[in-house]
1. Counting other Cβ atoms within 10 Å, keep those with at most 13, restrict to DSSP loop, and tell me which chymotrypsin sites (Phe, Trp or Tyr not before Pro) in segment 57-98 are left.
2. How far apart, in nm, are the 7 Å Cα→Cβ label points at A192 and L103?
3. Around N223, what is the net charge, scoring Lys/Arg as +1 and Asp/Glu as -1 over all other residues with Cβ under 15 Å from its Cβ?
4. At 25 °C and 0.890 mPa s, what whole-number value in µm²/s does Stokes-Einstein give for the translational diffusion of segment 146-247, with Rh from the Kirkwood sum over Cα pairs?
5. Fewest first, what order do D118, D219 take by the number of other Cβ atoms within 10 Å?
6. What distance in nm separates the simple spin-label points at I156 and I84, each placed 7 Å from Cα in the Cβ direction?
7. Would you mind getting me the FRET efficiency between R184 and H210? Use the beta-carbon distance for r and R0 = 22 Å, nearest 0.05.
8. If I model segment 76-160 as equal point scatterers sitting on the Cα atoms and use the Debye formula, what is log10 I(q)/I(0) at q = 0.14 Å⁻¹?
Amino acid sequence: MKTVVMAGIAFVASAGAAFAADAVIAPGPFDAPPAFPATVTPGPFDAPPAFPQHKVYDWTGFYLGVNGGGAFSDIKWFSSPDAIGGTQSVGSGLVGGTAGYNLQPNDPLVVGFETDLDWSGLQTTIAPPTCLPGCQVTLPWLATGRLRVGYAFDRILPYVTGGVALGYLQATVPGSGLGTETGRNLGWTAGAGVEFAISGALRAKIEYLHVDLNGLTCDGACNGGPVSLNLYSNVIRAGLNYRLWMQ
């Protein structure tokens, strides 16, 4: 009989311990919260979460930068006195500065605005008969102001971009004494790129832009002309950006 009683006590004790181990004790209304939140470790066959729980890298903030690359341009021209036209292709370098702002309102969308001003080495000569020995065309600088929309993969941001472009076109017949025709041409630009965080506030990017600067009409400087010029460029450049402030 004693043996049976002891066995019963042992069974009840083990059942109570098992129940206590499985029981969930809810904190009372006046209990302090736990020092650290509970962490649930997924099993080896559990699917990963559909979306990250928080941003690892925040793209929000102002930034300044430098950029450099090349422009591959076509200058389409038409000389009214000669009733002929053509296309002159030319490659040139670009180097300059960048300023912008990004806003990341929701994971993973990033929207922003970027502007840049670049020195341009574009210089070539077109040769309509009325401009003999040739009309020299230059573009000393190129600027853009663009919206950017990207989709962030943590520290990597592919984006599309588009906006306005402004360039300073010049045309002259060297040695003619007829002066220089100039125009601040307002056009448009669109393209795409990818930017990625290197370390801390430093980021790098590479991008492509198509630039259409519309036209310039050369009159007096082209022996009376008129000679119309239209500039189209494909720009490929890389840059470094430094974030000044973040949210």
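Only the coordinates and a few stated rules stand behind these numbers; no lab work does. It should be emphasised that the depicted structure is a prediction, and the values quoted were computed from it without experimental measurement. Glycine also receives a Cβ, built like all others from the backbone with ideal geometry; neighbour counts cover every protein chain displayed.
1. Values: sites: Y57, W59, F62, Y63, F72, W77, F78; in loops: Y57, W59.
Here no chymotrypsin sites (Phe, Trp or Tyr not before Pro) fit, given the DSSP loop and packing criteria.
2. 2.5 nm
3. On the way: positive: none; negative: D82, E181, D219.
Residues near N223 contribute -3 overall.
4. Working: Rh = 16.2 Å.
For these conditions, the coefficient is 151 µm²/s.
5. Numbers: D118 23, D219 13.
If I rank by nearby Cβ atoms, fewest first, I get D219, D118.
6. Between I156 and I84, the label points sit 5.2 nm apart.
7. Working: r = 20 Å, r/R0 = 0.90.
Plugging the Cβ-Cβ distance into 1/(1 + (r/R0)^6) gives 0.65.
8. Debye output, listed in q order: -0.69.
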